[in-house]
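What follows is a single structure, written as structure tokens, with notes after it.
The values are calculated or read from the model by the stated rules, or taken from the named source; none is laboratory data. Model, not experiment: these values are computed from the prediction. Counting neighbours? That spans all protein chains shown, and the Cβs are built from the backbone with ideal geometry, glycine included. All accessible areas refer to the heavy atoms of the entire protein, side chains included, with ligands and DNA or RNA removed. Shrake-Rupley method; radii C 1.70, N 1.55, O 1.52, S 1.80 Å.
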Amino acid sequence: MRWTFHLRSGVTWHDGKDFTADDAAAALAHLLDPDTASPQAAVLTPLVDPAALQVVDELTLVVPLLAPNAEFGSLLTNYNCYVARPDAVGVGTGPFVLEEFTPAGRGSVTAYADHWRGRPTLDRVVFSSVADVGARTNALLAGQVDLVSQTNLDVATARVVAASDRATVARVPNAQWYVLPMLTTAAPFTDVRVRQAFKLAYDPQAVLDLTVAGNGTVARDNPLPPEDPYWVDYGTERDPERARSLLREAGMENLELDISTSSYDPILTPMAIAYRDSVAEAGIRLNISTESADSYFTSTWMQVPLMSTYWYTGRSADQLFNQIFRGGSSYNETAWSDPAFDQLLDAARASVDTDRRRTLYQDAQRYVVDNGGAITPMFADRLVGISRDVVNYREVGFEFDWIGIGFKQAVQE
Amino acid sequence: VRTVLRRLVASIVTVVLASALVFLGVQALPGDVASQLLGQDATPDAVATLRGQLGLDQPAWQRYLEWLGGLLQGDLGTSLVTGSGVGEQVWPALRNTALIAVVAIVVGITASLVLGVVAGLYRDRWPDGIISGVSLVGMSVPEFVVATVLVLLFAIVWPVFPAVVLEGRDATVVELLPAVWLPAAALGIAMAAYIVRMARSATIDVMASEFVQTAELKGLSRRRVVLRHALPSALLPTLNVIALNVAWLFGGVVVVENVVNYPGIGTLMLQSVSNRDLPVLQAIAVISAVVYVLCNLAADLAALALDPRQRKGF
């Protein structure tokens, strides 16, 4: 399969040069270079040979794929895939020009007037690094900053912020994806009946209500958020009696297990507790095991049978399934490896017919719900602290709308 | 002179021992730098490569000796996170912290000495009651609570001071000055309690002593008795407490700086802990040990100078 990219004309780099197909090829090759160590390289390397890229003319790039993938375009929308010039650090094509950057210190960007979509609303954005979440919130409440970025406020803090005169809370629906992964290579989760029982046993609505006061949507073990164009309304229907009988069939009655959690994210422990309380009805007894937050993802995650984690939503369906559910992927946190499922993903990637692809990704969702190792209770809203003067705060995937965001006064003028 | 020399040698041994303990302690932290730096998305290959680049595959004792050697030449090492020299991060942070410390010490110690002496002079009367009561509360409430309450009152409810510092470590003194007062006040309040208590009891002891009574009987004015005779004697036992407090300031500053994001040594230390930036952490720990030892040394020497009795017996 070959992908042909027709580049937009009139796009310029921050130093004024035109953005060409040569630049796009160089950016892609840079991304795939092992020395760059891009997190997205693991996804793209099996698909693209950087030596095979063909620059047809100024604005046309042909990418021959090593394996068919009709979703290749969506993989390039990942936040690690911005075009960059390997020869000029800090020069891009985005709406803001890098002015200053200090690791763990201040940074600033200024508006790029010649951006192809027009000049952004703001003239300049200044970044400050504040390590403590409490201090970050105080800075917002005191009016020193206008936006607390990259911070999901817990429900209690969000109430304080929303009650203040200066600040309020912007809600990004279903932006946090919470999971209780069962390691499918470890007992008792090697048995699919046990995995099904653990999904049937709990009440996702109770977990959602107890952990985030209902600020989100129940997922019912379907890992795709409802906003995704390929989403299908399919999930586990709670049935503790059936869970009990599945466990009996598997010879796993009166199961007692540890569920690992940490304070890495404030929701993980409440989620584990709510889950524990909910599955008691099906005869499953769980003990909460709280691990150190700073080594949780290196020493506990993917190493114990039952744990709790979260991801950000915003991946395309193809990336989500191939990264987190395909056998052998380094992010496959349930270590689930099912050839039938992987074939389903290959078939979807190879299909250029959008309707057929949608059907296949919907089958993939059903397959994960019925057989996979991930208990997915819910998607929670991300609660972002912003000043009351800020308008047009919109988040998409991992990013927000940099061009539209602005202040009330500026918009009125 | 011999006494002084012995004290100096003991101090140096203490600092070296502290550095070894710190090195060992840091090694024992769970999780390693490479996986910490690369985050949750790290592939095993990338982690292994980074471990090699950082020299983490060498044995710990070898790294310790190399580091100690560099230290003696004034080289604090290279930060694992930013790749720049540790000194570039530590010295500006130390300068910023010194700014808070100076304000807290000068204002805090002067005020608490005066209050302590006043409380001692008015023993069991109302000024003593108020001063002792308030200082006990200040002693009991942890400094981060004091700092948080001060921020809430004077930055959010009445925005007189900034709630947090947004400037980085290389901010100028003028930029930092408005932000110094709240953390300095929080530290001063916590520190004051000890000094007030100490100065109060020392004053009571001295005022009850025979030489003060003699001076009073000679008909000297109360003012003269207090300032010329009682105060210098009352200061002596307080000196050690002050020295320890200055050293303690270094610890308290870690907590208080983080509440207001002040770009000093405390914030840098917490960042280094969560980033597993061992060279920075070790440098800070050694500097803290040096400050601690120096403060005690200074207190000993000052006591030696003020009190001739201590010069014998060593």
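With respect to B:Arg169, is the statement that it is in contact with a Pro (Cβ under 9 Å, 6 or more places away or on another chain) and of a type outside the set (Gly, Ala, Ser) true? Taking the combined requirement at face value, the residue satisfies it. The criterion of being surrounded by 17 or more Cβ atoms within 10 Å (Cβ to Cβ) and of a type in the set (A, V, I, L, M) does not hold for B:Leu136.
Please verify whether region B:135-150 includes one or more residues that are within 14 Å of chain A (Cβ to nearest Cβ), out of contact with any helix residue (DSSP H, G or I) (no Cβ under 8 Å at 6 or more places or on another chain) and part of a helix (DSSP H, G or I). Among the residues of region B:135-150, at least one is within 14 Å of chain A (Cβ to nearest Cβ), out of contact with any helix residue (DSSP H, G or I) (no Cβ under 8 Å at 6 or more places or on another chain) and part of a helix (DSSP H, G or I), which makes the answer yes. If you take the residues of region A:119-130 that are within 14 Å of chain B (Cβ to nearest Cβ), surrounded by 15 or more Cβ atoms within 10 Å (Cβ to Cβ) and of a type outside the set (S, T, N, Q), which of them is farthest from B:Leu152 (Cα to Cα)? For region A:119-130, the residue satisfying everything is A:Val125. Taking B:Ser35 as the residue in question, decide whether it is hydroxyl-bearing (Ser, Thr, Tyr), at pLDDT below 75, under 23 Å from B:Val273 (Cβ atoms) and out of contact with any Lys or Arg (no Cβ under 7 Å at 6 or more places or on another chain). It is true that B:Ser35 is hydroxyl-bearing (Ser, Thr, Tyr), at pLDDT below 75, under 23 Å from B:Val273 (Cβ atoms) and out of contact with any Lys or Arg (no Cβ under 7 Å at 6 or more places or on another chain). Condition check: hydrophobic (A, V, I, L, M, F, W, C) and either within 13 Å of another protein chain (Cβ to nearest Cβ) or in contact with a Leu (Cβ under 6 Å, 6 or more places away or on another chain) (or both). Does B:Leu50 satisfy that? It is true that B:Leu50 is hydrophobic (A, V, I, L, M, F, W, C) and either within 13 Å of another protein chain (Cβ to nearest Cβ) or in contact with a Leu (Cβ under 6 Å, 6 or more places away or on another chain) (or both). Please go through region A:92-118 and pick out each residue that is of a type outside the set (S, T, N, Q) and within 13 Å of A:Val11 (Cα to Cα). Once the filter is applied, which keeps residues that are of a type outside the set (S, T, N, Q) and within 13 Å of A:Val11 (Cα to Cα), region A:92-118 yields A:Gly92, A:Gly94, A:Pro95, A:Tyr112, A:Ala113, A:Asp114, A:His115, A:Trp116, A:Arg117, A:Gly118. Within region A:282-308, the set of residues being within 29 Å of A:Asp239 (Cα to Cα) and of a type in the set (A, V, I, L, M, F, W, C) comprises A:Ala282, A:Ile284, A:Leu286, A:Ile288, A:Trp301, A:Met302, A:Val304, A:Leu306, A:Met307.
Consider B:Ala186 carefully, then state whether it is over 21 Å from the mean Cα position of the chain (by Cα), within 14 Å of another protein chain (Cβ to nearest Cβ) and open to solvent by less than 40 Å² (accessible area, probe 1.4 Å). So B:Ala186 fails the test.
Here's the yes/no breakdown for (1) within 22 Å of A:Ala131 (Cα to Cα); (2) among the small types (Gly, Ala, Ser):
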site: B:Gly116; (1), (2): no, yes
site: B:Gly129; (1), (2): no, yes
site: B:Thr148; (1), (2): yes, no
site: B:Leu152; (1), (2): yes, no
site: B:Trp158; (1), (2): no, no
site: B:Thr172; (1), (2): yes, no
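Residues of region B:276-294 include at least one that is in contact with a helix residue (DSSP H, G or I) (Cβ under 8 Å, 6 or more places away or on another chain), outside any helix (DSSP H, G or I), at pLDDT 75 or above and open to solvent by less than 10 Å² (accessible area, probe 1.4 Å).
For region B:79-90, the criterion of a residue being part of a helix (DSSP H, G or I) and under 25 Å from B:Leu244 (Cβ atoms) is satisfied by at least one position. When A:Thr359 is tested against the conditions (1) within 14 Å of chain B (Cβ to nearest Cβ); (2) hydroxyl-bearing (Ser, Thr, Tyr); (3) open to solvent by 20 Å² or more (accessible area, probe 1.4 Å), the lone failure is (1). When we screen A:Met252, A:Met307 for residues that are of a type outside the set (Val, Ile, Thr), touching a Pro at 6+ places or on another chain (Cβ under 7 Å), over 23 Å from A:Gln365 (Cβ atoms) and crowded, with 17+ Cβ neighbours inside 10 Å, the only hit is A:Met252. Just a yes or no: is a residue in region A:383-404 at pLDDT 90 or above and within 30 Å of A:Lys199 (Cβ to Cβ)? Scanning region A:383-404, I find at least one residue that is at pLDDT 90 or above and within 30 Å of A:Lys199 (Cβ to Cβ), so the answer is yes.
From the list A:Leu140, A:Leu153, the one residue that fits, being at pLDDT below 90, surrounded by 21 or more Cβ atoms within 10 Å (Cβ to Cβ) and of a type outside the set (Gly, Ala, Ser), is A:Leu153. Each residue in region A:140-191 was checked for being within 14 Å of another protein chain (Cβ to nearest Cβ) and of a type in the set (A, V, I, L, M, F, W, C), and 12 of them qualify.
Within region A:277-287, restricting attention to residues that are touching a strand residue (DSSP E or B) at 6+ places or on another chain (Cβ under 6 Å) and of a type outside the set (Lys, Arg), the residue that is surrounded by the most Cβ atoms within 10 Å (Cβ to Cβ) is A:Leu286. Scanning region A:91-118 for residues that are without any contact (Cβ under 8 Å) to a residue 12 or more places away in the chain and away from every other protein chain (no Cβ under 14 Å) yields a total of 1.
Sort out which residues of region A:6-60 are aromatic (Phe, Trp, Tyr) and surrounded by fewer than 18 Cβ atoms within 10 Å (Cβ to Cβ), and write them in order of number. Matches in region A:6-60: none.
Restricting region B:264-275 to residues that are open to solvent by less than 10 Å² (accessible area, probe 1.4 Å) and more than 8 Å from every other protein chain (Cβ to nearest Cβ), the residue that is farthest from B:Gly85 (Cα to Cα) is B:Gly266. Taking region A:375-392 as the range and being buried (at least 22 other Cβ atoms within 10 Å of the Cβ) and more than 30 Å from A:Leu200 (Cβ to Cβ) as the test, the residues that pass are A:Leu383, A:Val384, A:Gly385. Tell me, which residue of region B:195-235 that is hydrophobic (A, V, I, L, M, F, W, C) and loosely packed, with under 14 Cβ neighbours inside 10 Å is farthest from the chain's Cα centre (by Cα)? Top of the filtered list is B:Leu217.
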